[in-house]
Amino acid sequence: MWSYTCGDRKGDGRPLPRPVPQLHMPSSDGLTDQTPKVNNPKVSPASAINDTGFSADEWDRMLKLVHWAGPDRQITTANMSTSPNHSAFFINDLKGSYYVGEELHVTIVAKDFTKTPKSYGGDFFQAKVYSDKLKASVFGEVLDHQNGTYSARFTLPWVGLASVAVRLIHSSEAVQALGRHRSTDSRRVFFLGYYVGNDPQGARVEEKMECSIKWEGVVLSSKKDCCCEYQDAHVGLTWQCRKPQTLPCSALVYHSMGGYHFTMTALEQVLFDRQHVNRWLKGDSRLIRVMASNTTIGVRESCKPGLPTPIPSGFYMNNVWTSFVCAARHFAKDDVTQCLKGKHIYMMGDSTTRQWFDYLILAVPTLKRMNLDSVYQVGPQMAVDVQNNIDLHFRSHGLPLRCAKAKAMVSLHYMSNEIDGLAGGPHTVVIFNMWAHFTNYPLSYFAYRVSLVRRAVVALLRRAPETKVIIKSANTGYKGIYSSDWFSLQLDQILQEGFRGVGVYILDVWQMTACHYNSEFIHPAPVIIKNEIDILLSFICPK
């Protein structure tokens with residue numbers, strides 16, 4: 001339920017504090033003692049140890065996970081940044097042949113645009129071993145030595161020839177700029193609220209006003225009483241919009257993406273141009289010859305909640321992903337229908353989860369999309385298969401959401417509220433993600449949103465332990481100042497850490513999109529989606 005006001009309830013936008021009970025996690029319900037204790041989201045995060053919804057120790061652990069080193073000096077020119085043309089990589093001690101399961105090690109040396117070796121770390125590199133002929137690839141783990149050199153480690157999973165490829169996603173100087181903008185410039189992406197009603201003369205008018213979250217460090221206006229505030233009574237989150245000139249705060253009807261405020265400096269414009277971002281490095285072009293062996297790579301146990309995601313988490317061969325997380329299956333169309341038979345599936349999140357919704361409708365011929373007269377990007381959407389008793393739902397995660405014009409408070413539900421409304425049970429599957437629309441905001445805000453969803457999931461699993469809850473990770477595809485893979489990676493680390501020990505499935509697709517030969521896009525190609533869906537269905541139907 002939303003309530004609105006025209007003045008502050010508390011100076012930083014959060015509701016007034018009340019005592020905060022902790023959720024205790026007894027082992028009898030399948031949750032571990034290591035499960036983070038999340039503060040009750042129905043009361044103010046301001047009354048907790050910090051503003052994240054997690055304890056101080058848990059938040060400190062998250063901050064250590066996302067810590068990223070950067071330049072140790074002031075950057076005054078783009079020539080000081082890492083140059084993809086002058087940086088290079090070398091295969092360490094290349095052998096005449098390797099066996100499947102052996103490791104390959106590569107050294108990356110970063111140099112600036114004057115060809116001078118870098119003496120500090122912080123560059124965002126991604127690496128893979130691949131074969132164009134075999135349509136095969138595997139993701140590599142990159143370690144920053146904080147001195148301008150990096151190590152990449154690969155497991156060699158297939159028989160045949162392979163090559164190494166390394167690319168610079170962002171220089172350390174660009175990453176430093178990303179961090180600054182996230183901390184100080186949340187308005188670089190803005191939204192619109194549409195107020196509709198009659199003006200004092202009785203004429204029908206619509207006024208468009210800028211909107212945003214209300215959170216510490218996010219400033220919509222420096223003026224007092226500038227804004228209309230819309231608080232969700234259940235979770236305590238506040239959305240705010242500038243006051244319209246003639247209409248009251250209660251006249252807010254629609255929401256949409258507004259646009260971008262351009263706030264980049266001249267130096268930052270260079271650091272994020274095409275010559276500096278997402279560039280493949282020149283390096284060791286020698287082929288790696290891999291021979292067959294009896295080595296078993298990865299884990300072959302049944303797919304179940306709580307399994308870790310190794311590096312690599314799998315590999316492509318002939319465009320088919322083999323998982324190292326668990327014994328994932330590959331599903332034909334008839335198998336998809338059989339797996340989903342009798343299931344109630346609730347998908348929530350952003351457009352990358354909506355891709356799964358769309359894919360399943362195509363994969364199950366008897367699954368028919370219902371016309372709910374809703375905005376495609378927002379939902380709700382629904383598809384039904386009466387013959388096989390399948391109902392499939394999609395709804396966005398709520399504000400903030402970059403979308404076409406939609407009924408604001410009516411359509412945009414916070415995801416934690418939706419989960420709270422589910423009964424759950426052995427035939428219920430809940431699938432969600434959240435990251436792409438949160439990249440511009442402070443990490444504390446995202447962590448608090450994670451804590452809200454986590455509390456809702458914990459409550460769902462307590463009342464219906466047989467419910468399957470699956471979290472889809474972030475994928476690669478963003479490379480700019482407004483949204484970047486670096487932002488996405490950090491948010492994903494917080495999300496996964498926040499659900500550690502809860503008893504959910506983590507479907508990590510980051511490596512699947514980063515190492516595939518297709519050009520990266522925020523919405524992965526159908527061949528990648530098919531492989532993601534195979535793992536999803538393996539979670540739902542492990543046998």
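For the chain, the alpha-carbon coordinates run over 82, 63, 45 Å along the three principal axes, in decreasing order.
Once C-alpha pairs closer than 8 Å and six or more residues apart are averaged by separation and normalised to the residue number of the chain, the relative contact order reads 17 percent. Here's the list of lysines a cross-link from residue 111 could span, going by alpha-carbon distance under 17 Å and ignoring same-chain residues fewer than 8 apart: 282. In the full protein context, the chain carries 41 Å² of accessible surface per residue, based on a 1.4 Å probe and ignoring ligands, DNA and RNA. Selection among 62, 127, 84 by position relative to the dipole of the stretch 47-143 gives 84 as farthest towards the positive end (Cβ unit charges, Cα centre). Note on residue 343: lysines with a C-alpha under 21 Å away, same-chain residues under 8 apart excluded, are 304, 333, 368, 468, 472, 530, 543. For residue 223, a cut-off of 17 angstrom between C-alpha atoms picks up these aspartates and glutamates, skipping any fewer than 8 places away in its own chain: 8, 12, 210.
Heavy-atom accessible surface of residue 504, to the nearest 10 Å², is about 10 Å², with a 1.4 Å probe and all protein chains retained.
Comparing Cα centroids, the stretch 178-192 and the stretch 319-334 end up 39 angstrom apart. Multiplying the residue separation of residue 362 and residue 222 by 0.36 nm and subtracting their alpha-carbon distance yields 45.5 nm.
Taking amide H as placed 1.01 Å from N in the peptide plane, residue 237 has its amide H under 5 Å from the amide H of 232, each at least 5 places away in sequence or on another chain. Computed extension length for residue 203-residue 92: 32.5 nm, one decimal, from 0.36 nm per residue of separation with the Cα-Cα distance subtracted.
Straightening the chain between residue 322 and residue 132 buys 66.7 nm, computed as 0.36 nm per residue apart minus the Cα-Cα spacing.
P(r) tail, the stretch 111-156: Cα-Cα pairs separated by more than 15 Å, 54% of all pairs. Relative to the Cα centre, the charge distribution of the stretch 249-379, modelled as +1 at Lys and Arg Cβ and -1 at Asp and Glu Cβ, gives a dipole magnitude of about 440 debye. Taking the 1.4 Å solvent-accessible surface of the chain as the whole, the part contributed by carbon and sulfur is 53%. When each full DSSP H helix of the chain is screened for a Cα extent of at least 24 Å along its own axis and an average Kyte-Doolittle hydropathy of at least 0.0, the helices passing are 443-463. The figure for residue 60 is an accessible area of roughly 70 square angstrom, using a 1.4 Å probe on the protein chains alone. Each peptide in 268-277, 195-204 gets a packing score, the mean of other Cβ atoms within 10 Å over its residues, and the list from highest to lowest is 268-277, 195-204.
The values are calculated or read from the model by the stated rules, or taken from the named source; none is laboratory data. All values derive from a computational prediction rather than experimental measurement. Cβ atoms come from the backbone with ideal geometry, glycine included; neighbour counts cover every protein chain shown. What goes into the accessible areas is simple: the full protein's heavy atoms, side chains included, and nothing from ligands, DNA or RNA. Shrake-Rupley method; radii C 1.70, N 1.55, O 1.52, S 1.80 Å.
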